[in-house]
Amino acid sequence: QNVPDSFIHAAIVDKTEEKKATDKLKDQLDFFTSFIDCSRDLIFYKDDKFRHVFVNKKLAEFYGKTSNEIIGKNNYELMNEKNARKCRSSDVKALHSAGIIKSFEKVGEQIFETRKFAVFSKNAGKGVCAYIRNVTEEFRKNRIINNFSEANKIIARCMMKEHADRNEYINLILSKVLKFTNSNLTCFFSHDEVRQEISLVSIKRSQ
């Protein structure tokens with residue numbers, strides 16, 4: 001049966017510009033993701049329920065998981081309760097703050113410097129972004145430098161006092177150094193210029 005021409009309708013929509021806009025947005029997201037993945041920082045974005053919406057490659061490596069295994073999960077599903085509670089506390093503080101929340105958090109034997117801040121979008125609502133850097137090595141180096149500096153101060157203070165007994169003088173220095181460095185053993189090398197001998201005095205922490 002033939003259909004009259006008057007009953008035939010055709011709708012042609014030109015979606016060229018829409019496709020261009022979609023492709024452009026995808027390119028921008030791909031660029032953004034590649035850029036963030038190059039950072040040595042651990043980076044995430046969480047929603048207002050503190051579930052991961054976006055994580056970079058460095059954070060995924062920290063958890064030993066893929067990004068897809070982390071998306072949608074909160075910290076309590078990814079780490080032990082103690083560490084998750086620390087992360088949640090700073091997340092909550094950042095979510096309800098107008099500025100950047102800076103803090104240091106210890107996870108296991110590692111120390112992290114965190115910078116968290118609230119973000120808002122019309123589609124996703126309010127959430128939390130974070131840049132987290134592992135500063136364990138920097139802390140270790142600074143602690144060593146500070147310990148040497150403090151040791152020199154102790155020695156200088158002790159040298160300004162008169163001590164009738166040489167052993168008493170040495171033991172005083174060693175005991176103070178042992179205490180502030182929280183070490184198990186501290187040593188003192190003494191050089192006798194006349195005898196050309198080097199002697200060693202040490203003190204152990206009492207059990």
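Search the stretch 104-128 for residues that are over 21 Å from A84 (Cα atoms) and pair each with any residue that is outside any strand (DSSP E or B) when their beta-carbon atoms are under 7 Å apart and the residues are at least 6 apart or on different chains. Filtered contacts from the stretch 104-128: G125/D48.
Only one entry of V92, V128 meets the criterion of being surrounded by 12 or more Cβ atoms within 10 Å (Cβ to Cβ) and assigned to a helix (DSSP H, G or I), and that entry is V92.
If we keep just the residues of the stretch 112-125 that are open to solvent by 30 Å² or more (accessible area, probe 1.4 Å) and under 16 Å from the mean Cα position of the chain (by Cα), which is farthest from C38 (Cα to Cα)? This residue is F117. Annotation: of all residues in the stretch 29-58 being in contact with a strand residue (DSSP E or B) (Cβ under 8 Å, 6 or more places away or on another chain) and in a helix (DSSP H, G or I), the one that is farthest from C129 (Cα to Cα) is K58.
Filter the stretch 96-124 down to the residues that are acidic (D, E), touching a helix residue (DSSP H, G or I) at 6+ places or on another chain (Cβ under 8 Å) and either closer than 15 Å to I43 by Cα or not in a loop (DSSP other than H, G, I, E, B) (or both) and list them by number.
Once the filter is applied, which keeps residues that are acidic (D, E), touching a helix residue (DSSP H, G or I) at 6+ places or on another chain (Cβ under 8 Å) and either closer than 15 Å to I43 by Cα or not in a loop (DSSP other than H, G, I, E, B) (or both), the stretch 96-124 yields only E105.
Scanning the stretch 111-150 for residues that are hydroxyl-bearing (S, T, Y) and farther than 21 Å from S89 by Cβ gives S121, S149. Screening I154 against (1) modelled with pLDDT of 80 or more; (2) open to solvent by less than 50 Å² (accessible area, probe 1.4 Å) leaves a single unmet condition, (1).
The values are calculated or read from the model by the stated rules, or taken from the named source; none is laboratory data. Because the structure is predicted, anything quoted here is derived from the model rather than measured. When we count neighbours, we look across all protein chains shown, and the Cβ atoms used for this are built from the backbone with ideal geometry, even at glycine. Heavy atoms of the whole protein, side chains included, go into the accessibility calculation; ligands, DNA and RNA do not. Shrake-Rupley method; radii C 1.70, N 1.55, O 1.52, S 1.80 Å.
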